[in-house]
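In what follows, a structure is listed as structure tokens, so that the remarks can point back to it.
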Amino acid sequence: MPATADVTTALREKFPHATPRPSLDHPAVNLPAAEVLAALQYLRDEGGFDMLADLTAIDWAAGVSPRFTVVYHLLSTTRHDYIRVATDCPDDAAPAVPSATGLWPGANWHERETYDMFGITFTGHPDLRRILMWDGYPHFPLRKEFPLAGIDTPLPDAEIMAETGARVIPAPMAGGPFVAAPGEINLTEAEPRAKDESWNERREKPDA
């Protein structure tokens with residue numbers, strides 16, 4: 001098998017629109033969304049990158065265009081080499097790229113999570129629905145505008161409301177980053193607290 005650098009060069013020769021992507025660890029390229037599936041298949045079949053190790057997205061923030069970038073991390077299990085492929089979503093208002101489930105069945109849940117957290121649609125996905133949040137949840141928790149402490153949202157499930165005693169919760173639950181006090185090494189005994197506890201403070205103080 002050729003070295004990753006040689007595969008990257010061959011990829012750019014076959015797909016002239018591919019451009020180098022700044023990277024501090026592994027070789028990386030940018031590709032237009034219209035060519036990304038063909039390029040991923042080339043890397044799998046000709047480059048030896050037989051495993052889709054990860055698939056995620058970046059939200060560069062509202063007002064930046066293109067706003068959303070989908071990122072694929074490919075691994076060669078024989079050479080233990082990685083390559084990163086990124087593609088920008090052409091439409092900021094309705095971001096979408098083709099699904100990679102036809103190349104790697106394992107892309108299924110990666111794409112569902114990215115859809116759930118960022119609101120990016122993967123066209124051709126066999127079962128594109130939310131995987132962490134409930135159906136009908138109106139927000140995308142990994143978008144830049146989503147507050148760290150969550151957004152109070154009505155719970156759709158009577159059973160959950162009965163267990164929690166709450167009718168609304170911020171979701172995700174008063175999110176991190178989580179920290180432990182100095183000296184609290186055993187986190188099974190000393191649960192870390194979120195840096196942002198504003199939601200808990202509001203909940204504990206009844207309205208005047």
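Only the coordinates and a few stated rules stand behind these numbers; no lab work does. If you're wondering where the values come from, they're calculated on a predicted model, not measured in any experiment. All Cβ positions, even for glycine, are placed from backbone atoms using ideal geometry, and neighbour counts span all protein chains on display.
Taking amide hydrogens as placed 1.01 Å from N in the peptide plane, the amide H of MET51 sits under 5 Å from those of LEU75, THR77, each at least 5 positions away in sequence or on another chain. Taking label points 7 Å from Cα along the Cα-to-Cβ direction, THR19 and GLU145 give a separation of 2.7 nm. The amide H of ALA28, built 1.01 Å from its N in the peptide plane, has ARG21, ARG84 as neighbours under 5 Å, considering only residues 5 or more places off or on other chains. Amide H contacts of THR121: ALA96, VAL97, each under 5 Å away and 5 or more positions distant or on a separate chain (H built 1.01 Å from N in the peptide plane; Pro and chain starts excluded).
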